[in-house]
Amino acid sequence: MAKKKARTPEESSWDRASVALLERACAIEMETAFERADSITPCPIGADGLCCKNCSMGPCRLVGKTDRGVCGATIATVAARNFARAVTVGAASHSDHGRDMAYTLLEAAEGHAPDYGVRDPYKLMEVADFLDVPTKDEEGERRPINDIARDVALAALGEFGKVRGEFYYRKRAPAKRQEIWESLGITPRNIDREIVDLLHRTHIGNDQDAEHILDQTLRCALGDGWGGSMLGTDISDILFGTPAPVRSQANLGVLSEDKVNIIIHGHEPTLSEMIVAAAMDPEMIEYAKSKGAKGIQMSGICCTANETVMRQGVPLAGNFLQQELAILTGAVEAMVVDVQCIMQGIVPLADKFHTEVITTSRKVKITGATHIEFDESKALEIAKQIVRRAIDLFPKRGETHIPEDHNPLVPGFSHEYIDYALGGLYRGSLRPLNDAIMAGRIRGVVANIGCNNARVRHDELFHHVVTEFLKNDILVVETGCGAIASAKQGFMTPEAALEVAGPGLREVCETVGMPPVLHMGSCVDNSRILTVLAQMATEGGLGEDICDIPAVGMAPEWMSEKALSIATYCVASGAYVILGGSDGPVSGSEEVLRLMTEGWEEKVGGRLEFVEEAEEIVRRSIEHIDKKRAALGLPEYDASKWGRSGDRRMPDLLEIPFEERIEAVYGLAGK
Ligand code: SF4
Ligand code: MSK
């Protein structure tokens with residue numbers, strides 16, 4: 001491949017473990033996404049949203065003096081249509097994940113998936129309530145759990161194709177928000193319909209008014225955030241347990257020199273939870289020992305990693321841009337993938353090692369990979385088959401290059417756990433969080449989420465913005481690959497608050513014993529963040545709607561269409577959202593940029609901006625947070641008021657080893 005401008009490993013990644021493996025890739029002449037990004041110049045017309053290929057009279061490239069396509073479509077129409085199409089794909093991906101969870105619950109409840117069951121009956125009751133599923137019979141007796149689970153699964157599946165009315169989960173938003181959606185006509189009718197409606201509009205000769213296209217884009221994305229994603233999160237919690245803090249480690253250093261390494265990668269927890277269970281089976285461990293290994297080391301990449309670290313504490317091997325690097329260690333026997341964010345580049349790389357890439361989803365095959373299709377009715381059996389294959393590869397392992405880097409983390413901050421941590425078992429509430437924001441101890445909240453992008457220095461933007469927010473007493477909540485970046489950087493332990501947080505945030509973290517950056521899960525778990533924001537708005541003191549809260553959402557290193565859907569549903573929910581790393585996919589249209597900023601702010605109270613530089617992301621975020629504080633009449637942020645009180649356990653705790661320290665902090669609080 002012809003090289004134009006190759007970055008050095010240090011210029012490509014901020015992460016030390018990744019730099020070491022990029023150096024190895026150079027030494028053994030193996031190609032990665034980093035190198036391909038250097039070699040491929042992005043098309044500037046497509047990058048600005050100005051290329052339309054929606055019919056065979058095109059592709060029409062609207063540049064220079066060309067301001068209309070062959071059909072007469074304008075720059076604004078083309079840019080809005082391109083954006084809308086990306087959002088439909090993102091919404092479809094999350095929502096189909098949610099649908100698969102609902103089918104697994106149905107199979108389990110009807111006895112066709114014996115390895116699954118209801119692990120959190122409390123969450124089942126709560127979700128039943130949201131979906132109007134009765135939990136008691138006519139005599140007032142509790143219905144059998146599996147009957148409730150079956151009806152919840154059917155009601156959830158009904159949300160995807162509801163014939164009349166609007167979807168149930170709209171009532172989980174603050175009342176004022178629901179009124180805004182109603183008045184604009186953007187309350188989703190059902191999840192699938194809004195996706196199909198929007199795709200229909202983007203066909204040649206349909207919706208040709210940028211604002212009108214973008215209205216439906218908001219509606220489609222809402223069906224993802226408050227529909228497909230929220231159901232995905234809820235049903236995963238029902239099936240696998242609602243997360244609470246656990247201990248774990250993050251970065252490629254979690255790979256083992258002397259155990260069989262199995263990496264689970266993708267998004268859904270269904271198979272990965274079974275593989276984790278299979279890997280703990282004494283029979284499997286014995287089999288691994290019979291092949292010369294000391295045991296089996298599970299670890300994860302991308303959001304499968306986030307699902308299993310949140311519930312089981314399975315270590316995080318890395319985020320999106322580390323999937324190829326993991327194989328380059330030479331220490332991975334099997335990389336087991338399901339759906340989303342799996343680079344095709346892992347297969348030719350795995351061919352150079354003893355590593356087997358195993359695809360498992362009915363929806364995903366990769367040429368050259370081994371396909372073992374997952375079937376819920378024999379989940380554990382298939383999981384054991386996969387684990388055995390990995391073990392069989394261990395004797396073939398050659399030279400290994402596992403970086404030493406890994407950092408401890410405490411993930412598991414479901415919104416239920418945050419309620420509990422702040423309010424206790426009998427008065428679980430976000431009141432203390434609202435109070436801390438109102439007093440100014442916590443200046444505001446940032447939701448820092450999203451992917452890595454091979455075109456920006458891996459993990460650097462995440463590091464910069466998180467450090468700045470913490471210094472400024474801003475609580476950071478995270479999901480996705482952003483969460484993995486922070487975990488690797490050591491921001492997700494309680495003592496990180498002492499080291500990096502400003503005085504007010506530190507007091508709160510000390511008192512509660514929580515990290516200053518909270519890991520809230522996978523990409524679909526951005527719905528947990530919506531739930532927290534809705535609760536903050538209804539708790540009192542921070543206005544009546546999500547748009548009143550001093551909060552900002554961002555994805556500094558985003559790359560996927562799912563990130564666009566997430567950004568859009570957060571805006572439609574009232575949030576100010578910044579996407580970083582570039583000037584964004586609609587930069588060619590002044591009109592669309594105006595509609596997404598002033599236009600959306602006027603309609604829904606949120607706005608979407610694309611900001612390339614980390615410093616500017618931080619500046620605009622803090623400015624927004626302070627503006628919202630002033631609008632609520634809250635005291636101006638003043639760091640000098642804080643830092644003289646708080647629970648002094650943390651300095652003492654720093655004197656004792658990490659494992660014991662975490663036990664002391666979470667010993668009573670964990671499940
Ligand atoms: Fe060109 Fe219009 Fe066809 Fe798009 S839909 S490719 S702008 S002719
Ligand atoms: S995995 S969508 S790269 S966050 Fe959810 Fe990471 Fe982005 Fe995939």
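The values are calculated or read from the model by the stated rules, or taken from the named source; none is laboratory data. Since the structure is predicted, the reported quantities are computational estimates derived from the model, not experimental observations. Glycine also receives a Cβ, built like all others from the backbone with ideal geometry; neighbour counts cover every protein chain displayed. Just the protein is used for accessible areas: all its heavy atoms, side chains included, with ligands, DNA and RNA removed. Shrake-Rupley method; radii C 1.70, N 1.55, O 1.52, S 1.80 Å.
Only one of the listed residues (Ser486, Ser414) is among the polar types (S, T, N, Q), under 17 Å from the mean Cα position of the chain (by Cα), open to solvent by less than 10 Å² (accessible area, probe 1.4 Å) and within 16 Å of Arg528 (Cα to Cα). That residue is Ser414. Spot the failing condition for Gly69; the list is (1) free of Cβ contacts under 8 Å to residues at least 24 places away in the same chain; (2) near ligand 1 (Cβ under 10 Å from one of its atoms); (3) open to solvent by 20 Å² or more (accessible area, probe 1.4 Å), and only one is missed. Here Gly69 meets the rest and fails (3). Please enumerate the residues belonging to region 555-573 that are among the aliphatic types (A, V, I, L, M) and either modelled with pLDDT under 95 or touching a Lys or Arg at 6+ places or on another chain (Cβ under 7 Å) (or both). Once the filter is applied, which keeps residues that are among the aliphatic types (A, V, I, L, M) and either modelled with pLDDT under 95 or touching a Lys or Arg at 6+ places or on another chain (Cβ under 7 Å) (or both), region 555-573 yields only Val571. One residue stands out among those in region 510-542 that are in contact with a Leu (Cβ under 8 Å, 6 or more places away or on another chain) and among the hydrophobic types (A, V, I, L, M, F, W, C): the one that is farthest from ligand 1 (Cβ to nearest atom), which is Val512.
So is Thr370 of a type outside the set (Asp, Glu), in contact with a Lys or Arg (Cβ under 9 Å, 6 or more places away or on another chain), open to solvent by 10 Å² or more (accessible area, probe 1.4 Å) and without any contact (Cβ under 8 Å) to a residue 24 or more places away in the chain or not? Quick ask: steps written out before the conclusion?
Details: of a type outside the set (Asp, Glu): yes; in contact with a Lys or Arg (Cβ under 9 Å, 6 or more places away or on another chain): yes; open to solvent by 10 Å² or more (accessible area, probe 1.4 Å): yes; without any contact (Cβ under 8 Å) to a residue 24 or more places away in the chain: yes.
For Thr370, the condition - of a type outside the set (Asp, Glu), in contact with a Lys or Arg (Cβ under 9 Å, 6 or more places away or on another chain), open to solvent by 10 Å² or more (accessible area, probe 1.4 Å) and without any contact (Cβ under 8 Å) to a residue 24 or more places away in the chain - is met.
Residues in region 336-360 that are within 22 Å of Arg99 (Cα to Cα), open to solvent by 20 Å² or more (accessible area, probe 1.4 Å) and not β-branched (Val, Ile, Thr): Gln340, Cys341. Here the condition is being of a type in the set (S, T, N, Q) and touching a helix residue (DSSP H, G or I) at 6+ places or on another chain (Cβ under 7 Å); of Thr479, Thr538, it holds for Thr479 alone. The condition of being assigned by TED's automatic domain parsing to the domain that holds Ala439, within 16 Å of ligand 2 (Cβ to nearest atom) and open to solvent by 10 Å² or more (accessible area, probe 1.4 Å) holds for only one of Gly599, Gly605, Gly581, that being Gly581. Quick one: would you say Ala436 is away from ligand 1 (no atom under 16 Å from the Cβ), part of a helix (DSSP H, G or I) and out of contact with any strand residue (DSSP E or B) (no Cβ under 8 Å at 6 or more places or on another chain)? Against the criterion (away from ligand 1 (no atom under 16 Å from the Cβ), part of a helix (DSSP H, G or I) and out of contact with any strand residue (DSSP E or B) (no Cβ under 8 Å at 6 or more places or on another chain)), Ala436 qualifies. Per the listing Ala210, Ala175, the residue uniquely within 16 Å of ligand 1 (Cβ to nearest atom) and either out of contact with any Ser or Thr (no Cβ under 7 Å at 6 or more places or on another chain) or small (Gly, Ala, Ser) (or both) is Ala210.
Just checking, which of Arg119, Arg142, Arg81 is crowded, with 19+ Cβ neighbours inside 10 Å, out of contact with any Pro (no Cβ under 7 Å at 6 or more places or on another chain) and among the basic types (Lys, Arg)?
On the way: Arg119 fails: crowded, with 19+ Cβ neighbours inside 10 Å; Arg142 fails: crowded, with 19+ Cβ neighbours inside 10 Å.
Going through Arg119, Arg142, Arg81 in turn, just one is crowded, with 19+ Cβ neighbours inside 10 Å, out of contact with any Pro (no Cβ under 7 Å at 6 or more places or on another chain) and among the basic types (Lys, Arg): Arg81.
Here are Glu31, Glu11: which of them is open to solvent by 50 Å² or more (accessible area, probe 1.4 Å), out of contact with any strand residue (DSSP E or B) (no Cβ under 6 Å at 6 or more places or on another chain), away from ligand 1 (no atom under 16 Å from the Cβ) and not in a helix (DSSP H, G or I)? Write out each step before concluding.
Values: Glu11 fails: not in a helix (DSSP H, G or I).
Answer to the check: Glu31.
Just one of the numbered conditions (1) open to solvent by less than 10 Å² (accessible area, probe 1.4 Å); (2) free of Cβ contacts under 8 Å to residues at least 60 places away in the same chain is not true of Pro282: (1).
Of all residues in region 104-115, those that are at pLDDT 95 or above have Cβ atoms under 7 Å from Cβ atoms of residues that are of a type in the set (Lys, Arg), 6 or more apart or on another chain, in Leu106/Arg150; Ala109/Arg150; Glu110/Arg150. Candidates Gly588, Gly543: the one that is farther than 23 Å from Glu307 by Cα and buried (at least 24 other Cβ atoms within 10 Å of the Cβ) is Gly588. Does region 34-50 contain at least one residue that is under 30 Å from Arg362 (Cα atoms), of a type outside the set (D, E, K, R) and not in a loop (DSSP other than H, G, I, E, B)? The answer is yes, given that some residue of region 34-50 is under 30 Å from Arg362 (Cα atoms), of a type outside the set (D, E, K, R) and not in a loop (DSSP other than H, G, I, E, B).
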